[in-house]
Amino acid sequence: MKRWLYQVLVYVSLTLFLVGGIFFIYEVATSGEFNSWAVVSLVVNLLGIVLFVVNRILYSIFKKRDPSKYETVECPYCHAINRKGELFCHKCGKELESSKKP
């Protein structure tokens, strides 16, 4: 999911949430009762909340990750898994072969 699309959907969901809440307060205050328009405004409010949560979940699942962060190298001495680009093993402290310059 593109970041700009995520941000647009966040703004849309927050707008739905705020408009639904403000309209609900206005409708109950002016009519003095819980009528069908108040129910509609609560549905719009809940729709904003649901859209925000679903958007956040989808963004966290589909956002692009930097593959260099997750590449690993095995230490030739103790066989511990280290991040690629590390100079020394985090377990035994010996120099990793991938960090040696030719």
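Of all residues in region 28-70, those satisfying the criterion of being exposed (fewer than 11 other Cβ atoms within 10 Å of the Cβ), among the charged types (D, E, K, R) and more than 24 Å from residue 17 (Cα to Cα) are 64, 65, 66, 69. Taking region 10-27 as the range and being open to solvent by less than 60 Å² (accessible area, probe 1.4 Å) and in contact (Cβ under 8 Å) with a residue 24 or more places away in the chain as the test, the residues that pass are 10, 13, 16, 20, 21. Among residues of region 91-102 that are at pLDDT 90 or above, those with a beta-carbon under 9 Å from a residue that is small (Gly, Ala, Ser) at least six positions away or on a different chain give the pairs 91/80; 92/80.
Are any of the residues in region 70-82 closer than 30 Å to residue 94 by Cα and in a helix (DSSP H, G or I)? Yes: one or more hits.
The values are calculated or read from the model by the stated rules, or taken from the named source; none is laboratory data. Computed from a predicted model, the values in this text were never measured in an experiment. All Cβ positions, even for glycine, are placed from backbone atoms using ideal geometry, and neighbour counts span all protein chains on display. For the accessible areas, the whole protein counts, side chains as well, though only heavy atoms, and no ligand, DNA or RNA atoms are used. Shrake-Rupley method; radii C 1.70, N 1.55, O 1.52, S 1.80 Å.
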